[in-house]
Structures are given as C-alpha cells and as structure tokens.
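Beneath this line is the structure, given in structure tokens, with notes to follow.
The values are calculated or read from the model by the stated rules, or taken from the named source; none is laboratory data. Predicted, not measured: the structure shown is a model, and the values here were computed from it. FYI the Cβ positions are ideal-geometry reconstructions off the backbone, even for glycines, and counts take in every protein chain you see.
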Amino acid sequence: MDARRTLLLRFYKALDTRDAGAIAAMLHPEADFPDQIDGGRVVGAAAVLAYFVRAFALIRTENALTAFSADGADRLRVRIHHHVTSVGGALWHDGSLDYRFTFRDGRIVRMDRIDD
C-alpha cells in the first residue's frame, strides 16, 4: 500500500479516536488546512492541531476513506465519507466529500477541499 495512503488512514483513525499526539506526529511543521468551522485557512502544525482539538469539543466524527487517486508525485486525491454529529448526538453531516492532500517529508503539509 502506498505510504501516503497509509498515512491518511492513520490520520483519520487518529481524528476519529481524538488522538492529538498521533495527529501532531503526522503534520508537517508548515501544515496548511481549511478551517471548516469558521472559514479561511489554518497554517502551521500547532495551529492545525489546535483547530482539531477545538473541533473535538464540538463534534464527533466517523470517517471512511473510500477512494484514492494519485494527483502528481506528492499529492493524493481522496473521497471521504463523513458522519458528523454534535457532542449531543445531533446529525451535522452525513455524506462524501473530495479532498486533495499534499505531502512533504513523509507528513501531511496541505489539505484542500475539492468542489467540482
């Protein structure tokens, strides 16, 4: 299995289990992710980790990575089925979205949502 794919599977398992230490270990120091709560971007590994820790207080997630395709030497395009509820159990989202992940030095450096 491609090392990038394995990394993403581990990353989403860490998100689902709220394992901040594991998440931090997979982020490149220059990580750049979309802020899907407030909009904009979150830049830097510490800021991205803080974003996820903040999200843990608001939501519960179950993620299934259902499709992968290469998008250049350092990128993967991924379809992810998200089941997201509030901490109280109210459904926020249940569906699939597409993302592009960029990797550097064996870590995730960028995530972009793809809205085709």
Complete set of residues in region 57-113 that are more than 23 Å from residue 20 (Cα to Cα), of a type in the set (A, V, I, L, M) and at pLDDT below 95: 70, 73
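To keep it simple, each residue is scored yes or no on (1) within 18 Å of residue 32 (Cβ to Cβ); (2) in contact with a strand residue (DSSP E or B) (Cβ under 7 Å, 6 or more places away or on another chain); (3) part of a strand (DSSP E or B).
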site: 50; (1), (2), (3): yes, no, no
site: 53; (1), (2), (3): yes, no, no
site: 61; (1), (2), (3): no, yes, yes
site: 88; (1), (2), (3): no, no, no
site: 98; (1), (2), (3): yes, yes, yes
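Among the residues of region 25-41, write down those that are under 12 Å from the mean Cα position of the chain (by Cα) and either more than 18 Å from residue 101 (Cα to Cα) or modelled with pLDDT of 95 or more (or both). Explain how you work it out, then say what you get.
Taking region 25-41 as the starting set, the residues that turn out to be under 12 Å from the mean Cα position of the chain (by Cα) are 26-27, 31-36.
Hits for region 25-41 are 26, 27, 31, 32, 33, 34, 35.
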Criterion violated by residue 54 - all others in (1) of a type in the set (D, E, K, R); (2) modelled with pLDDT of 95 or more; (3) closer than 23 Å to residue 116 by Cα satisfied: (3)
Among the residues that make up region 82-101, is at least one of them under 21 Å from residue 25 (Cβ atoms), surrounded by 16 or more Cβ atoms within 10 Å (Cβ to Cβ) and among the hydrophobic types (A, V, I, L, M, F, W, C)? yes
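Give region 66-79 a look and list any residue that's part of a strand (DSSP E or B) and either surrounded by fewer than 17 Cβ atoms within 10 Å (Cβ to Cβ) or free of Cβ contacts under 8 Å to residues at least 60 places away in the same chain (or both), or say none. Outline the logic, then answer.
The first filter runs over region 66-79 and keeps only residues part of a strand (DSSP E or B), leaving 66-70, 75-79.
Across region 66-79, the qualifying residues are 66, 67, 69, 70, 75, 77, 79.
Kindly indicate which of 112, 116 is of a type in the set (Asp, Glu) and closer than 21 Å to residue 49 by Cα.
Values: 116 fails: closer than 21 Å to residue 49 by Cα.
Criteria check complete, one pass: 112.
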Residue identified as within 13 Å of the chain's Cα centre (by Cα), on the phi > 0 side of the Ramachandran plot and either exposed (fewer than 14 other Cβ atoms within 10 Å of the Cβ) or not aliphatic (A, V, I, L, M) (or both) among 10, 18, 113: 18
